[in-house]
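Read-outs: derived from the displayed coordinates by stated rules, not from any lab. What you see is a predicted model; the values in this text were computed from it and never measured. Glycine gets a Cβ as well: all are built from the backbone with ideal geometry, and neighbour counts include every protein chain shown.
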Amino acid sequence: MTNLTFPDGFVWGTASAAHQVEGSNWNNDWWLWEHMPDGHCAEPSGDACDHLFRYPDDMAMLADLGFNAYRFSIEWARIEPEEGEFSTQWLDHYRRMIATCRESGLRPIVTFHHFTSPRWVHDDGSWENPAIVDRFARYCERAVEHLGDLIGTACTINEPNVVAIYGYRVGVFPPGRASTEARAKATDHFIAGHRRAFEALKAGPGDFPVGLTLSMADFQAVDGGEWRRDAYRQKMEDVYLESCRGDDFIGVQTYTRERIGPDGRLAPEEGVPTTLMGYEFWPEALEATIRRAWEVTEQVPVFVTENGIGTEDDASRIEYVGRALEGVHRCIEDGIEVTGYCYWSCLDNFEWLFGYRPTFGLVAVDRETQVRTLKPSASWIGAIAKANAVDLP
Ligand code: BGC
């Protein structure tokens, strides 16, 4: 056994997002999308995990397991249900939620935008309309005014690169656009929105690190695919990473590697097992992406805001996380500042297009009764968090 110890103050959490766990989140673009006859979702989100009402118990459970942080998002569509109309009732709800998180002994890591936008935003050009930048900044200003003194860490926008490609270029996420131009506009507005949100969150009450979270993959060139890999990665990652230079942290979110040949993305390599998402089982991707984020941002501290696996086999979850953490530790030994690790996800939850089928959770949720059942990996990662160290074979 090797014992790997992490630096003092290392943040250990699990992550979730409002739309995937709260339930009855009907005023945003995803709810619309889930209910469109020609939509792409396997099933609607419905009551999700009823986290809207069960968050105090869920947070207590995470603290008992040994975690010292919890990452979750606040829902813009509840806070600003119509343009310019802010709901004190919902701001109070999120204030109670953040306060409960602290009282449970968990650092609240709050995401301001995790994939979903209010319906009124959707109906007016969504992130393609330049007006979104002011709109998003205004929402962040109002929310931070109400919540800032309690926030532990803030993530402005979750994986804008994923929304830009799937919502605006491929068309399988809302708003269902499929144009290169639309993607380019959305990308520009996400980057401008992040910059404005960064300023707004820094100017508000409280004093906490602020950053963007990015979906990253270990992009590997195959058979002379270097130029294509670089072009793909430029749009998917570099343009965002470059815009985050000087930020407090960069949120790295990694699940797998991607192989790119001269003609484009390749299917999983023969012999490499795949997960419920169809991704290659490739935990070493985390190390590669941390190194890359650190390099391209010119040494912005890295926070692993998501890493995990959708699987029915909990033993393979443990293997995946163990190997991923070995990589995190090697990065730290090499002098890269990695400040924390959040496993995605605490609960089996609504996995967007795929509905409830892919199970990423450390905790299973009965879809009828909402009863939570801990998987062995929950106690295993919780113990690592408590010890701030991992024993690996
Ligand atoms: C997203 C999560 C999602 C997870 C697993 C990330 O892309 O931030 O919302 O559930 O990956 O697919």
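Things to note:
- The charge dipole of the stretch 2-392, taken about the Cα centre with unit charges on the Cβ atoms of Lys, Arg (+1) and Asp, Glu (-1), comes to about 280 debye, rounded to the nearest 20.
- Compared with the alpha-carbon gap, the fully stretched path from Glu298 to Asp188 is longer by 37.5 nm at 0.36 nm per residue.
- Coil-residue trypsin sites (Lys or Arg not before Pro) of the stretch 323-393, DSSP, other Cβ within 10 Å capped at 14: Arg367
- Separation between Cα centres of the stretch 167-221 and the stretch 12-74, rounded to whole Å: 20
- For Asp313 and Thr180, the FRET efficiency from 1/(1 + (r/R0)^6), where r spans their Cβ atoms and R0 equals 45 Å, is about 0.70.
- Here the spin labels are modelled as points 7 Å beyond Cα on the Cα-Cβ line, and at Asp223 and Leu353 they lie 2.4 nm apart.
- Centre-to-centre separation between the Cα atoms of the stretch 358-387 and those of the stretch 276-335: 19 Å.
- Full-stretch length increase - Glu337, Glu284 - with 0.36 nm per residue and alpha-carbon distance subtracted: 17.3 nm
- Exposed GluC sites (Glu not before Pro) absent - longest run of the chain, DSSP non-H/G/I/E/B, at most 16 other C-beta within 10 Å: 84-268
- A viscosity of 0.692 mPa s and a temperature of 37 °C, combined with the Kirkwood radius over C-alpha pairs in the Stokes-Einstein formula, give the stretch 2-392 a diffusion coefficient of 157 µm²/s.
- Entry note, the chain: relative contact order of 20 percent, from Cα contacts under 8 Å with a spacing of 6+ residues.
- Take the Cα of Thr373, go 7 Å toward its beta carbon, and none of the backbone nitrogen atoms of the stretch 1-40 fall under 12 Å from that spot.
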